[in-house]
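Okay, so here's the structure we're looking at.
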Amino acid sequence: MAILVNLDVMMARRKMGLTELSDKVGVTLANLSVLKNNKAKAVRFSTLDAICRVLDCQPGDILEYLPDEDE
């Protein structure tokens with residue numbers, strides 16, 4: 001996968017757990033868990049916006065592009 005989700009890193013920096021983030025963002029715990037564990041195939045901009053607002057960060061703090069090794 002070329003896009004790495006560093007949600008757990010930002011949550012740790014903000015000392016916030018998944019349950020608290022879920023409550024503040026308004027996204028289910030299950031959906032945030034999928035995102036946090038790099039299992040998500042897509043993320044809505046509205047969700048990304050809410051996460052960035054709550055964690056006081058930029059999208060680039062959460063999403064990282066990693067080129068495939070075979071490229």
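The values are calculated or read from the model by the stated rules, or taken from the named source; none is laboratory data. All values reported here derive from a predicted model rather than from experimental measurement. All Cβ positions, glycine included, derive from the backbone under ideal geometry; neighbour counts span all protein chains shown.
Taking the stretch 1-29 as the region of interest, how many residues are touching a Ser or Thr at 6+ places or on another chain (Cβ under 9 Å) and aliphatic (A, V, I, L, M)?
4
So for the stretch 37-50 (the condition being surrounded by 12 or more Cβ atoms within 10 Å (Cβ to Cβ) and hydroxyl-bearing (S, T, Y)), does at least one residue qualify?
Just the residues of the stretch 37-50 that are surrounded by 12 or more Cβ atoms within 10 Å (Cβ to Cβ), to begin with: 38, 40, 43, 47-50.
If we keep only those that are hydroxyl-bearing (S, T, Y) too, we end up with 47.
Yes, the stretch 37-50 contains at least one residue that is surrounded by 12 or more Cβ atoms within 10 Å (Cβ to Cβ) and hydroxyl-bearing (S, T, Y).
Within the stretch 36-59, which residues are part of a helix (DSSP H, G or I) and at pLDDT 95 or above?
To start, the set of residues in the stretch 36-59 that are part of a helix (DSSP H, G or I) comprises 36, 45-55, 59.
Result: F45, S46, T47, L48, D49, A50, I51, C52, R53, V54, L55, P59.
Please count how many residues of the stretch 51-64 are surrounded by fewer than 14 Cβ atoms within 10 Å (Cβ to Cβ) and either of a type in the set (F, W, Y) or out of contact with any strand residue (DSSP E or B) (no Cβ under 9 Å at 6 or more places or on another chain) (or both).
Applying the first criterion (surrounded by fewer than 14 Cβ atoms within 10 Å (Cβ to Cβ)) to the stretch 51-64 yields 53, 56, 58-60, 64.
Next, from what is left, pick out any that are either of a type in the set (F, W, Y) or out of contact with any strand residue (DSSP E or B) (no Cβ under 9 Å at 6 or more places or on another chain) (or both): 53, 56, 58-60.
Qualifying residue count for the region: 5.
Looking only at the stretch 59-71, count how many residues are more than 15 Å from D8 (Cβ to Cβ) and under 11 Å from the mean Cα position of the chain (by Cα).
The initial filter retains those residues of the stretch 59-71 that are more than 15 Å from D8 (Cβ to Cβ), namely 59-60, 65-71.
Going one step further and asking which of them are under 11 Å from the mean Cα position of the chain (by Cα), we end up with 59-60.
Here the count works out to 2.
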